[in-house]
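The values are calculated or read from the model by the stated rules, or taken from the named source; none is laboratory data. Quick caveat, the model's predicted, so the values are computed rather than measured. Every residue, glycine as well, gets a Cβ built from its backbone with ideal geometry; the counts of neighbours run over all protein chains shown. The area values use the complete protein model at the heavy-atom level, side chains included, leaving out ligands, DNA and RNA. Shrake-Rupley method; radii C 1.70, N 1.55, O 1.52, S 1.80 Å.
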Amino acid sequence: MSFNPRYNYGKSLKESGWIPRRKAKQQDYNRIGFMSGLEVHQQLLTKEKMFCHCPAGIFNHHDDFDAEIIRHMRPTLSELGEYDGTALMEFRTRKEIVYRIKNETACTYEVDDTPPFPLNSEALGIAIEISLLSKLNIVGEVHITRKQYLDGSIPTGFQRTAIIGVEGELAMPKKKIRLIQLSIEEDSCREISDIGHRRIYKTDRLGMPLIETVTYPDFVNPDEVMEGCDYIRFLNRSTGKVRTGMGAGRQDVNVSCRGGSRVEIKGVAHTKWIPELTHNEVFRQWSLLRMRDFLLEKGIDKNNWKTSNCEITENLDFSKELLKTASGKGIKLIAVNLPAFEGCLSWFTQPGKTFKNEISDRLKVIACLEKPNCITSEEIDNPLDDSILSNVREQLSAKEGDALIIFAAAGEDIKTALETIEERCIMALEGIPEETRKSLSDGTTIFERVLPGADRMYPDTDTAPIPLEDEYIKKLESQLPEDIIDRYNKLKDWGVPEDVYTYIFSRNLFPLMEEIIGKTGVKPSYIGAFLGHELKFAEGQSKNEGEFNYRILLRLFEFLKEQDYDFALAEVMIKDLMKHPKMEFESILASLRHKRVGRDEILARIPFLKQKFAEGKKEIDELKQRNWVMGQLKASAIGNIDLQELSKEI
Amino acid sequence: MDKDIFQGYKGDALEVLKKYQVRVWGTTRVETTRGTFEGTVLPRAENDDDKHIVIKIITGYNIGIDIRNITSMKETGYKKANYKIPEKQFPVTPGLPKVKLFGTGGTIASRLDYRTGAVIPAFSPGELYGAVPELADICNLDTEKVFAVFSENMGPKQYIALAKAIGKEIEKGIDGIVIGHGTDTLHHTGAALTFMCQNLPVPVVLVGSQRSSDRPSSDAALNLMHAMRAAGHSDIAEVQVCMFGPTSDEYGLLHKGTRVRKMHSSYRSTFRTIGDTPLARVNRNEILPIKKNYNKRRNDKNVKILPYFHDKVSMLYYYPGMSPDVLDAMVEKGYKGIIFVGTGLGHVNKELYPAIERAHAKGVHMFMTLQTLWGYVHMFVYDTGRDMMAKGIIPAGNMLPEVAWVKLSWILGQTEEPGDVKRMMLTPINDEITLREPYNGYLVYQGGVPEVEEFIKKVHK
């Protein structure tokens, strides 16, 4: 047997030109035509949900529910009379969807047993404010639209969503991002599990208002995508009217390479994951295109390419694992022949993954076959026995250069699985299928759904359009915070170190910082560094992250000023303050055994300490001496004298 | 001409479209004081204002543009939507029962109607097969649009037309009949057809949907499958309403047309049998009987079609302090039959007595039903009840108010002789009055009670 899957994997990896991200340069991305855009989701801070009066932001555990409801989704026609591709795919999967409901957070609206109530005006106002900040053209009338989701994540089968503005832009320090649109929409259910033909959701998050900011695909490298995402989130947070914390902000990242297709990486929870994910995705596409060329060079005609299959009835050792995960009545072991596909099933796609994964992922999602759901003729780690292979090949009348997939399934799933395999292989001959992919923590992605198109949109017949009058827009305009880029420039002018900007913007601390400067006269560069270093560090150490009210800091600096302490005393106090936010400042100082000492008194100790350092030394290194003296004085000096001044005096 | 080109636009918005010569379905670029917008102009719903133009932008979303902000507009192309449910030949499978589906305008399969912005039904077997292909595994289907009205517009004329159509189909040898119907008055029609189509040899199943079929979570497809299963395969040859049992997509319930009522404005499981249990449960594959006694399917065609209806029958929903002139006015306007919907065991206040006497003297037929819906009228318990009976009001047992209205209308369409009317009213045709109320005929569980919550967690509501 001449074909070696491991060798083939390495060879295809090389051909794709894949390199680790840390080694990649802009020219590498230019070479393969990196292109990316963002859809940034942000929950809005409202008391109630978007279309009903259930409270927003109350969450429950998986097992804590009051009732369950079962639904099945069917595709329906779009407004323009088309069926949507994703809808048809989801219908093929024939999932039973179970919703777990908690009475406190779900009413009859969530489970689609009552029509929507009027759109939450608080949410609408926030969405318009953010649209204005994003320089979008605000629509004259808001039309609620239904966006179909047949995966069951919304019990109605569609998300109610509406455009607030189109064509905007957001300035980053070195680049402007063009925005396509901003919409307001209801959040979906949270998935609990998805096994076989049964998917379970909970409805606590369902219906909470969020906005989605969509950019043009203007980003040219993975780091820039992350930066863009950060800036959109900074902008959202600058209003102080959005939710923060786990899951409050999520993004979908669209990526393609030259000649590739738009692939949407869904639900990326942290911006810092974006670079690795986009890097891997653009190379996955690039590698699959090389595989297409490899196949076409063999002279395959995609219009006449067909798989063949047979049932394996022998009880073979390798099939145990497949049979273990298979479910249903009358499970069969099926072998599928892929003509002329040798070399593909071990073809590199992402680090540690091959084209086999593309098929296996779809078998899981579309045919509901739990993993491991297939074994191929090109297994890298545990290759199939030659004798088994040739046996099966014989049954299939396979030719040299054909590849083989074996799966186990029952009933209707067999048909779906066979269709799925053939479909994905034919797509490989065409290019990159448009799809949504789920991100994994190792920076790779797996198939989630066929990418939905504009065909899944449908006007909501349950709601009336909402006109947005000029006066209303003007009123909202008058209360907007300043642009992030202006704040960025201010920080720069003030000489605040750049490494703290992200922290300040992501916590929306800029307004507080300005207030502290205005009321206490503290140096901007000092307070900036204090927030970005000392506060961030203390917060990282603390267990009550997210609960600390930053406004206490204003009182702290006012206290220091009133008491005529040096502001540096805040650095000592912050850790305890974080732990006990309700404690009096005086008490914190007492617990730190801090004493007020006069400036002259401290300075008076210098000569004595200098002498002490010099004792028994032949030569005196002045720098060492100064540092030593500083060290001796620091504890009593802090808060009582400016440390830089003290250093000078020494 | 304008109507087609500027579908739904009127007043100022129409003038703007005319001025810039942009048609509905035209792609356009609009310059406004709020920036530039591009998309396809969509028709506008009739009841919306004349200050906005609706366009579909490239991402598929619809937005409205305030015409007062438009500075210029230009048509750049034209693309009319072709909205059509894919039509496929409904296959004929030997051995499967023949089922006839009558369309009345319900939302079994529907599409968007720009005039109202709501949905309108689509219907042919081919369209239905395109939307719900599973139907072909249940029966051989034929459809007929008897008329197209919304549920709330269903009335005596439609009952009569349906009864006659049912008679004709049975004559032709059909195995079962399904009637697609809006849900609001499904139970009125259920009662009317029970009285008008007696001695049925095959099932007649009324079905609707609480969520229009243009949404993925619609109950329409499953309801239709359940109804076809019941019509084609069930042994129960009665007029039945087939709708969701629980709100989950699990099974349907078959309710007697005379004992069913819509009990929630929007729940899927809105139809309940009142004062009794439903006839049976139905899922995609089988009928699971609940009641043991029912009229069985037969091979003959001996149905009796009695298409009568008197349109001068009304209902009087009593409220405390009701003034007698309300009743006087009805009598004055020529009403021949009045169904009282009284409080408690069947009461109205004393102030109405003289008016009741006057109505009785004029030969108005009066029957008492209950606001409580569950339970029997008991007019012997209190003096007021006895007084009223003496004044000519006849207790109607545990007949539901709407059913009593339908029945009295149907009877007065045949006779106005007081003795006959009373006898016919009180002689049940199909359990509109039952002799006994089973203990499980009244189950309205109270949420919050721990045992109930425990139950709801396990059994889908």
Over region A:423-461, the set of residues more than 29 Å from B:T59 (Cβ to Cβ) and open to solvent by 40 Å² or more (accessible area, probe 1.4 Å) is A:S441, A:D442
Only one of B:D276, B:D249 is under 20 Å from A:E68 (Cβ atoms) and either away from chain A (no Cβ under 14 Å) or acidic (D, E) (or both). Can you tell me which? B:D249
So which pairs qualify, if the first residue must be in region A:114-141 and on the phi < 0 side of the Ramachandran plot, the second must be part of a helix (DSSP H, G or I) and open to solvent by 20 Å² or more (accessible area, probe 1.4 Å), the Cβ gap must be under 6 Å, and the two must be at least 6 apart or on different chains? A:L132/A:E477
Hey, among the residues in region B:13-39 that are open to solvent by 30 Å² or more (accessible area, probe 1.4 Å) and among the β-branched types (V, I, T), which one's nearest to the other protein chains (Cβ to nearest Cβ)? B:T36
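Listed here are the residues, each with its yes/no results for (1) away from chain B (no Cβ under 14 Å); (2) among the charged types (D, E, K, R); (3) closer than 30 Å to B:H52 by Cα.
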residue: A:P467; (1), (2), (3): no, no, yes
residue: A:I485; (1), (2), (3): yes, no, no
residue: A:K490; (1), (2), (3): yes, yes, no
residue: A:P511; (1), (2), (3): yes, no, no
residue: A:G518; (1), (2), (3): yes, no, no
residue: A:P524; (1), (2), (3): yes, no, no
residue: A:A529; (1), (2), (3): yes, no, no
residue: A:H533; (1), (2), (3): yes, no, no
residue: A:K536; (1), (2), (3): yes, yes, no
Which one of the conditions (1) surrounded by 24 or more Cβ atoms within 10 Å (Cβ to Cβ); (2) out of contact with any Leu (no Cβ under 7 Å at 6 or more places or on another chain) does B:H255 fail to meet, given that it meets all the rest? (2)
Can you pull out the residues in region B:407-427 that are outside any helix (DSSP H, G or I) and in contact (Cβ under 8 Å) with a residue 12 or more places away in the chain? B:G413, B:Q414, B:E416
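Any residue at all in region B:391-406 that's on the phi < 0 side of the Ramachandran plot, more than 14 Å from chain A (Cβ to nearest Cβ) and open to solvent by 60 Å² or more (accessible area, probe 1.4 Å)? So that I can check it myself, show each step before the final result.
Initial filter on region B:391-406 (on the phi < 0 side of the Ramachandran plot): B:391, B:393-396, B:398-406.
With the extra rule that they be more than 14 Å from chain A (Cβ to nearest Cβ), the set shrinks to B:391, B:393-396, B:398-406.
The next check asks that each one be open to solvent by 60 Å² or more (accessible area, probe 1.4 Å); those that pass are none.
No, the conditions are met nowhere in region B:391-406.
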From (1) among the charged types (D, E, K, R); (2) surrounded by fewer than 24 Cβ atoms within 10 Å (Cβ to Cβ); (3) at pLDDT 95 or above, pick out the condition that doesn't hold for B:R229. (2)
Consider A:A171 against the criteria (1) open to solvent by 20 Å² or more (accessible area, probe 1.4 Å); (2) of a type outside the set (D, E); (3) within 7 Å of chain B (Cβ to nearest Cβ); (4) under 22 Å from the mean Cα position of the chain (by Cα): it satisfies all of them except one. Which criterion is unmet? (3)
Among (1) among the hydrophobic types (A, V, I, L, M, F, W, C); (2) assigned to a helix (DSSP H, G or I); (3) at pLDDT below 95 - the single one B:V444 does not satisfy: (2)
Subset of region A:313-337, residues over 26 Å from A:Y9 (Cβ atoms), among the β-branched types (V, I, T) and surrounded by 12 or more Cβ atoms within 10 Å (Cβ to Cβ), comes to A:I331
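Does A:T420 count as of a type outside the set (A, V, I, L, M, F, W, C), under 30 Å from A:P339 (Cβ atoms), surrounded by 18 or more Cβ atoms within 10 Å (Cβ to Cβ) and in the same structural domain as A:D361 (by TED's automatic domain parsing)?
yes
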Would you mind telling me which numbered condition in (1) among the polar types (S, T, N, Q); (2) farther than 30 Å from A:I97 by Cβ; (3) in the same structural domain as A:L384 (by TED's automatic domain parsing) A:S360 fails? (2)
Residue among B:P216, B:P203 that alone is within 14 Å of another protein chain (Cβ to nearest Cβ), surrounded by 24 or more Cβ atoms within 10 Å (Cβ to Cβ) and touching a helix residue (DSSP H, G or I) at 6+ places or on another chain (Cβ under 9 Å): B:P216
Of all the residues that make up region A:146-166, how many are small (G, A, S) and more than 8 Å from every other protein chain (Cβ to nearest Cβ)? 3
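Of all residues in region B:45-79, which are touching a residue at least 60 places away in the same chain (Cβ under 8 Å) and buried (at least 21 other Cβ atoms within 10 Å of the Cβ)? Steps first, please.
So the first thing to find is which residues in region B:45-79 are touching a residue at least 60 places away in the same chain (Cβ under 8 Å), and the list is B:45-48.
Within region B:45-79, no residue meets the criteria.
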In region A:250-266, is there at least one residue being modelled with pLDDT of 95 or more, within 14 Å of chain B (Cβ to nearest Cβ) and in contact with a His (Cβ under 6 Å, 6 or more places away or on another chain)? no
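Take the residues of region A:102-145 that are among the small types (G, A, S) and within 11 Å of chain B (Cβ to nearest Cβ): which is farthest from the chain's Cα centre (by Cα)?
Keep residues of region A:102-145 that are among the small types (G, A, S), which gives A:106, A:121, A:123, A:125, A:127, A:131, A:134, A:140.
This time we only want the ones that are within 11 Å of chain B (Cβ to nearest Cβ), so: A:131, A:140.
Values: A:S131: 21, A:G140: 32 Å.
Taking the candidates together, the pick is A:G140.
So which residues in region A:475-517 are closer than 23 Å to A:E562 by Cβ and open to solvent by 70 Å² or more (accessible area, probe 1.4 Å)? Talk me through it step by step, then tell me what you get.
Residues of region A:475-517 closer than 23 Å to A:E562 by Cβ: A:509, A:511-517.
Of everything in region A:475-517, nothing turns out to be closer than 23 Å to A:E562 by Cβ and open to solvent by 70 Å² or more (accessible area, probe 1.4 Å).
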Considering only region B:43-63, state which residues are more than 8 Å from chain A (Cβ to nearest Cβ) and part of a loop (DSSP other than H, G, I, E, B). B:P43, B:R44, B:A45, B:E46, B:N47, B:D50
So A:F158 ticks every box in (1) farther than 27 Å from A:V98 by Cβ; (2) surrounded by 21 or more Cβ atoms within 10 Å (Cβ to Cβ) but one. Which box is left unticked? (1)
Can you give me the number of residues within region A:561-619 that are basic (K, R), within 29 Å of A:G540 (Cβ to Cβ) and out of contact with any helix residue (DSSP H, G or I) (no Cβ under 8 Å at 6 or more places or on another chain)? 3
Enumeration of residues in region A:388-428 that are under 35 Å from the mean Cα position of the chain (by Cα) and not in a helix (DSSP H, G or I): A:I405, A:I406, A:F407, A:A408, A:A409
If a residue has to be touching a strand residue (DSSP E or B) at 6+ places or on another chain (Cβ under 7 Å) and in a helix (DSSP H, G or I) to count, how many in region B:218-232 make the cut? 9
Pull up region B:440-461, narrow it to residues that are more than 8 Å from chain A (Cβ to nearest Cβ) and hydrophobic (A, V, I, L, M, F, W, C), then point me to the one that is farthest from A:F65 (Cα to Cα). B:L443
Considering region B:258-273 alone, what residues qualify as being in a loop (DSSP other than H, G, I, E, B), in contact with a Phe, Trp or Tyr (Cβ under 9 Å, 6 or more places away or on another chain) and more than 14 Å from chain A (Cβ to nearest Cβ)? B:T258
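In region B:64-83, which residues are part of a loop (DSSP other than H, G, I, E, B) and either of a type in the set (S, T, Y) or more than 14 Å from every other protein chain (Cβ to nearest Cβ) (or both)? Before the answer, list the steps.
First, the residues of region B:64-83 that are part of a loop (DSSP other than H, G, I, E, B): B:79-83.
Across region B:64-83, the qualifying residue is only B:Y83.
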